[in-house]
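One structure is given below, encoded as structure tokens.
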Amino acid sequence: MVLELARPRPIWQIMFSTHHTDVGLLYLVFSLLAMFVGGAMAIALRIELFAPGIQLIEDSMTYNRLFTAHGTTMIFLFLLPSAAAVGNYLVPIMVRYKDMAYPKLNAIAFWMIPPAAALVWLGMADFGWYANPPYSVISAPAPAAEMWIFGLKVLGVSSILSSINFVVTILKCKHPDLSLGKVPLLAWSFLTSSIIVLAAMPTFAAALLMLLTDRLGVSGFFNPAMGGDPIAYSHLFWFTFHPEVYVLVIPAIGMMYEIIPRFSRRPIFSHSSGVAAFIILALVSFASWAHHMFATGMSFTEKTVFMVGTLAAVPASAMHVFNFLATMWNGRIKFATPMMFAVGGIALFFAAGAGGVVNTAMPLDFITHDSYWVVGHFHLFVFGTIAFGTIGFVYYLFPYITGRMYNEKWGVVHFILAFVGACITFFTQHILGLFGMPRRIYDYPEIDSWISMNALISVGAMIILVGMVIFLGNMIYSMAKGKPANLEDPFGLGGKYYYPFAQRNPQHGEGGY
Amino acid sequence: MAHSNWAEWIYLGVVTALLIYVGAEAWNVERIIDHAPEDAEIIKVTAQQWFWSFEHEDGTKEVGELHLKKDHAYKFEIQSKDVVHNFNIPEFVVLMDAIPGRINTVWFSPNEAGEFDIQCREYCGLIHYNMRAKLFVEGV
Ligand code: HEM
Ligand SMILES: [Cu+2]
Ligand SMILES: [Cu+2]
């Protein structure tokens, strides 16, 4: 399985290419860039919160703009594109087709992202990643808000286009000898997450337009002063974005399904259980959106329905965890960096899910809602699970893309720092939430427990930062100077544990890979 | 490939049983605390960028602080004049959105005298971080 080689090519040739490995490379480079941009924003926020009073950021408006851009960047510009990168590289190979179904559309979907990123980063809106009205309608400063709305509009279209491509590639272009049930779980993860996008995203697209016309004053959908209802927006938003959290987590689980059997040197415990769990998650993810809205004054019946809908998704997640553990059981495990990130990610996935159950048990949500608990909860998912799976996979793909090996020792150091840092940061955030600290605040009163926990969280964030700098250094150095990889067996697992199908990039010329 | 699935089924059974237990317990507790007692005294709470004001049943008004009596039931009627806020007394797990165009209610009965924090728990702009008030509970 060779995806790309260290054969120098002019950069424009990659940029204007529509070949799936080239588009995958573009996605990958862009998403890692976005990760570092979003990470820098997070570090600024954490420095500010290290102690009460002004530390780094002079005014609350700047702080509010930063947390909005941080969340938007991490979800839409890092996690979604990095998943698309992996899908582009591997889905065509796994279904044994020469490329994505619609190569030009594929390149277009990617190229929509940088301009959208420019809108988000140049605008710097201040209303948080869910743009809650009526604040976002009557109070948020222009033109930042409009730029964010247009940026998200473009990102939504891009993700719909790439989802269509994945669905068609998998269902229509797969090799006739390959039955759907036999399609590898990573490709299954892209099939299910893409279907969720297609069902969920149009709702948010509509809500964004309504928000825009509300801001222009020509409508009042969400503006009570014009007879509208802000809660309607919350429903539309969460109808898209609760399923969307599964759009992020499902591909990461798919990546773990690649890594864990390979590095355990055993086949996956149960392929069909993995497929079933993906399908169940895709369906049930639509039954829980209003668990984000328990405190909006919903009736007891509504709350009950959405609690049950949320709990119903947990067994499917638990099936994945079981599948991973059962695969590792009695396996000959090789703990190289990709495997460490995958296993660490599963541990944090489990912890995050447990916290989610607390959120959804109605009376307890009134303790955790909009506190730092929620911040800790979803960071255990988005960083602890999804980014861990993704970063592990970047290490895994590294030799295939560059032809060279990364430095294993520094990879392990990166993992240890990321894992320890994530535990310190996000578990402490849970506890801080129980002590009542609201999220999205620029400064806080001098309450002893808040002060010490905030300092600890900021230290944890710094530990993660050190790990990420090592990651970056390792990538850049190894790309140029790393040991040439043995492409038959880069991780020394014994050749039969790799994916058997190769792909040729026509731009590598005749005779090349 | 050959493997038996009974372990997975047992595991799923345990997980599901735990979830049903948690869900049933949550349902039961929420059912009880969802209804305010008949004799609860009504306090009107108004949120506004970026302060809280209160009106007692007898018409007295307070801004930025609220005086209540220990072991007495109160029902808050919460509204907002501009954007969405969230009325929160962390010490007593009182938490409810203040939404323009709606009145949301929540009740509590302070079982402890002293001075407590009231804060806004939903992002509402510039001074959200300092949209705070004080609750004074007097013992009887
Ligand atoms: C076991 C599964 C899960 C359960 C039971 C669960 C439950 C919840 C609940 C009830 C909330 C609302 C908390 C509140 O605001 O009061 C919440 C918030 C959140 N969850 Fe989860 N969740 C689960 C999985 C996930 C996954 C997989 C992700 C992400 C990939 C995720 C991301 C989030 C996010 C982003 C929020 C915060 C929303 C916000 O207030 O901005 N959750 N979760
Ligand atoms: Cu959710
Ligand atoms: Cu507020």
Criterion first (away from ligand 1 (no atom under 12 Å from the Cβ) and assigned to a helix (DSSP H, G or I)) does A:Ser273 satisfy it? yes
Going through region A:124-135 one residue at a time, which ones are open to solvent by less than 10 Å² (accessible area, probe 1.4 Å) and in contact with a helix residue (DSSP H, G or I) (Cβ under 6 Å, 6 or more places away or on another chain)? A:Ala125, A:Asp126, A:Phe127, A:Gly128, A:Pro133, A:Pro134
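Among the strands (runs of 3 or more DSSP E) contained in region B:22-122, which hold 1 or more residues that are open to solvent by less than 60 Å² (accessible area, probe 1.4 Å), farther than 17 Å from B:Val140 by Cβ and within 16 Å of ligand 1 (Cβ to nearest atom)? Before you say what the answer is, go through the steps one by one.
Numbers: elements: B:41-48, B:51-55, B:61-63, B:65-69, B:74-80, B:85-89, B:94-98, B:104-108, B:114-120.
Result: B:85-89, B:94-98, B:104-108, B:114-120.
Report, by residue number, each residue of region A:292-302 that is away from ligand 3 (no atom under 16 Å from the Cβ) and either hydrophobic (A, V, I, L, M, F, W, C) or within 13 Å of B:Glu30 (Cβ to Cβ) (or both). Write out each step before concluding.
Going residue by residue through region A:292-302, those that are away from ligand 3 (no atom under 16 Å from the Cβ) are A:292-294, A:297-302.
Listed by number, the residues that qualify are A:Met293, A:Phe294, A:Met298, A:Ser299, A:Phe300, A:Thr301, A:Glu302.
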Tell me yes or no: at least one residue of region A:454-461 is within 14 Å of chain B (Cβ to nearest Cβ) and either closer than 25 Å to A:Leu364 by Cβ or within 16 Å of ligand 1 (Cβ to nearest atom) (or both). yes
Taking the condition of being assigned to a helix (DSSP H, G or I) and within 21 Å of the chain's Cα centre (by Cα), how many residues in region A:291-313 meet it? 3
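For the subset of region A:218-250 comprising residues that are outside any helix (DSSP H, G or I) and at negative phi, which member is farthest from the other protein chains (Cβ to nearest Cβ)? Can you show your working first?
Initial filter on region A:218-250 (outside any helix (DSSP H, G or I)): A:218-223, A:227-229.
Among the residues that remain, those that are also at negative phi are: A:218-223, A:228-229.
Numbers: A:Val218: 19, A:Ser219: 16, A:Gly220: 11, A:Phe221: 13, A:Phe222: 10, A:Asn223: 9, A:Gly228: 8, A:Asp229: 7 Å.
Of everything passing the filter in region A:218-250, A:Val218 is farthest from the other protein chains (Cβ to nearest Cβ).
Take A:Gly355 and tell me if it is in contact with a Phe, Trp or Tyr (Cβ under 9 Å, 6 or more places away or on another chain), within 27 Å of A:Ala422 (Cβ to Cβ) and more than 9 Å from ligand 1 (Cβ to nearest atom). Reasoning before the result, please.
Values: in contact with a Phe, Trp or Tyr (Cβ under 9 Å, 6 or more places away or on another chain): yes; within 27 Å of A:Ala422 (Cβ to Cβ): yes; more than 9 Å from ligand 1 (Cβ to nearest atom): no.
So A:Gly355 fails the test.
If a residue counts only when it is within 14 Å of chain B (Cβ to nearest Cβ) and either within 24 Å of the chain's Cα centre (by Cα) or within 16 Å of ligand 3 (Cβ to nearest atom) (or both), which helices (runs of 4 or more DSSP H) contained entirely in region A:314-411 have at least 3 such residues?
Working: elements: A:314-328, A:337-360, A:362-368, A:372-379, A:388-402.
So the answer is A:314-328, A:337-360, A:372-379.
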Within region A:229-267, how many residues turn out to be away from ligand 1 (no atom under 16 Å from the Cβ) and either among the polar types (S, T, N, Q) or open to solvent by 20 Å² or more (accessible area, probe 1.4 Å) (or both)? 7
Out of curiosity, is B:Glu62 charged (D, E, K, R) and in the same structural domain as B:Tyr129 (by TED's automatic domain parsing)? yes
The lone condition B:Ala17 fails out of (1) assigned to a loop (DSSP other than H, G, I, E, B); (2) loosely packed, with under 15 Cβ neighbours inside 10 Å; (3) of a type outside the set (D, E, K, R); (4) within 14 Å of chain A (Cβ to nearest Cβ) is (1)
For residues in region B:53-103 being of a type in the set (S, T, N, Q) and more than 10 Å from chain A (Cβ to nearest Cβ), which is farthest from the chain's Cα centre (by Cα)? B:Thr60
More than 9 Å from ligand 1 (Cβ to nearest atom) and without any contact (Cβ under 8 Å) to a residue 12 or more places away in the chain: does that describe A:Pro363? yes
Flagged in region B:13-53 as within 15 Å of B:Thr105 (Cβ to Cβ) and β-branched (Val, Ile, Thr), in numbering order, are B:Ile33, B:Ile42, B:Ile43, B:Val45, B:Thr46
Could you please let me know if A:Met339 is away from ligand 1 (no atom under 13 Å from the Cβ) and either open to solvent by less than 30 Å² (accessible area, probe 1.4 Å) or at pLDDT 95 or above (or both)? yes
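Kindly evaluate A:Gly39 against the criterion of being of a type in the set (Gly, Ala, Ser), modelled with pLDDT of 95 or more and closer than 30 Å to A:Phe491 by Cα. Spell out how you get there, then give the answer.
Numbers: of a type in the set (Gly, Ala, Ser): yes; modelled with pLDDT of 95 or more: yes; closer than 30 Å to A:Phe491 by Cα: yes.
So A:Gly39 passes the test.
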Return the residues of region A:9-60 that are within 14 Å of chain B (Cβ to nearest Cβ) and hydroxyl-bearing (Ser, Thr, Tyr); say none if nothing qualifies. A:Ser60
Can you pull out the residues in region A:438-455 that are surrounded by 18 or more Cβ atoms within 10 Å (Cβ to Cβ) and over 20 Å from A:Met41 (Cβ atoms)? A:Trp450, A:Met453
Restricting to region A:292-336, what's the tally of residues that are more than 16 Å from ligand 1 (Cβ to nearest atom), more than 26 Å from A:Phe471 (Cβ to Cβ) and either in contact with a strand residue (DSSP E or B) (Cβ under 8 Å, 6 or more places away or on another chain) or open to solvent by 10 Å² or more (accessible area, probe 1.4 Å) (or both)? 9
Of the residues that sit in region B:123-138 and are more than 7 Å from chain A (Cβ to nearest Cβ) and open to solvent by less than 50 Å² (accessible area, probe 1.4 Å), which one is farthest from A:Ile441 (Cα to Cα)? B:Val137
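The values are calculated or read from the model by the stated rules, or taken from the named source; none is laboratory data. Everything numeric here is computed off the predicted structure, so don't read it as measured data. Note that we place each Cβ from the backbone using ideal geometry, even for glycine, and neighbour counts take in every protein chain shown. Just the protein is used for accessible areas: all its heavy atoms, side chains included, with ligands, DNA and RNA removed. Shrake-Rupley method; radii C 1.70, N 1.55, O 1.52, S 1.80 Å.
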